[in-house]
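The values are calculated or read from the model by the stated rules, or taken from the named source; none is laboratory data. Please read all numbers here as calculations on a predicted model, not as lab measurements. Cβ atoms come from the backbone with ideal geometry, glycine included; neighbour counts cover every protein chain shown. Surface areas here come from the heavy atoms of the whole protein model, side chains and all, with no ligands, DNA or RNA. Shrake-Rupley method; radii C 1.70, N 1.55, O 1.52, S 1.80 Å.
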Amino acid sequence: MSIGMQTNHSDNGVVTLLIEGDIDMSSSTVVRTHLTDLFDKNQKAIVVDLSKVSYIDSSGIATLVEGLQWSHANNTKFRLTRLTPMVKDVFEIARLLTVFEVFDSNEEALEGV
Amino acid sequence: MTETVKLTIPSDPKYLGLTRKVVFHLLTCHDVAKEIIPRLVLCVDEACSNIIKYSYNGCPDQPIEISFSLDQGFFEVKIRDYGKQCDSRDIKPRPIHEIKPGGLGTYFINEIMDEVKYCTNRDQGTLLTMCKNLKGELASTRGETR
């Protein structure tokens, strides 16, 4: 299962990462590597756009939890946007919707960062 | 569906997508409400991922045998592996209030399925049986059209 990632860097140090495909055991390591690269560049904020992710499993959730922990440790923002119904349902089951900063649009997520 | 549908995949993560498609198609064909299907797909996927990771330690060429049946509103999945056995008492989801990576797969399975049994009473490997009562989850019983 291939996974695509598109990164958009803004001038103010905010990165928007669009992920496309299923995030499962076979692809979550790719997402993790990509996020780690962004963390290493010490971005001010990372906004992860999940509108093209139709499936996520526990390994994908774990990768995003790592991102959240990184942001807490580095006093930066890590925000999720445009969750598809399946992804939102998995977050609900895991009771993580209130743990992450989740937005309906990228514009809302980019406000105040 | 009173027949049993069987699928055998190698223990390679690249076949998880195929397994998900099979489960999705099977449940869609049998009139299961669309809201519950992704949750059942998730359970099968998580169970297979756990087998790849823990029973086979990432070895990609070992068999995972999956059988599905949907009879009188009961969906049953049996997943057989021939890898390392573990004590079912050790298979515990992490407490959900702990926000940390990992340990969620078993939590999802236990949360979504009605019955989860691990049987290691055999020479090799484990037989996992997961059941879900779908009465009331079939589109036809809810007056929905497909």
Helix-derived mean residue ellipticity, 222 nm - over chain A, DSSP H n ≥ 4, -39500 (n - 2.57), to 500: -12000 deg cm²/dmol
Global geometry of chain A, whether rounded, prolate or oblate, following the gyration tensor of its Cα atoms and the 1.5 cut on a/c: rounded
At least 40 Å² accessible surface lost relative to isolated chain, residues of the range B:35-69 (1.4 Å probe): B:Arg39, B:Leu42
Percent carbon-and-sulfur accessible area, the range B:4-142, ignoring ligands, DNA and RNA, probe 1.4 Å: 50 percent
Around B:Pro38: net Lys/Arg minus Asp/Glu count, Cβ-Cβ under 14 Å: -4
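With a probe of 1.4 Å, find how much accessible area the range B:4-142 has per residue, and write the answer as a whole number in Å².
Per-residue accessible area for the range B:4-142 comes out at 49 Å².
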Under 24 Å from the Cα of B:Lys135 - lysines, other chains or at least 8 residues apart: B:Lys6, B:Lys21, B:Lys34, B:Lys78, B:Lys117
Amide H partners (placed H, <5 Å) of B:Ala33, local residues excluded: B:Leu138, B:Ala139
Distance between the range B:39-83 and the range A:81-113 - C-alpha centres, whole angstrom: 29 Å
Under Karplus coefficients 6.51, -1.76 and 1.60, residue-wise ³J(HN,Hα) of the range B:13-20 in Hz, glycine/proline x: x, 5, 8, 5, x, 4, 4, 4
Under Karplus coefficients 6.51, -1.76 and 1.60, residue-wise ³J(HN,Hα) of the range A:57-70 in Hz, glycine/proline x: 10, 5, 5, x, 4, 4, 4, 5, 5, 4, x, 5, 5, 4
Shape category assigned to the range A:65-113 from the gyration tensor of Cα positions, a/c cut at 1.5: oblate
The range A:23-36 - phi-based ³J(HN,Hα) in whole Hz, Karplus 6.51/-1.76/1.60, Gly and Pro as x: 9, 9, 4, 7, 10, 5, 5, 5, 5, 4, 4, 5, 5, 4
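What's the local net charge at A:Thr81, with K and R +1, D and E -1, over the other residues with C-beta under 15 Å away? Intermediate results must be reported in sequence, preceding the final value.
Numbers: positive: A:Lys52, A:Lys77, A:Arg79, A:Arg82, A:Lys88; negative: A:Glu20, A:Asp49, A:Glu101, A:Asp104, A:Glu107, A:Glu108, A:Glu111.
In short, -2.
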Accessible area in square angstrom per residue, chain A, 1.4 angstrom probe: 45 Å²
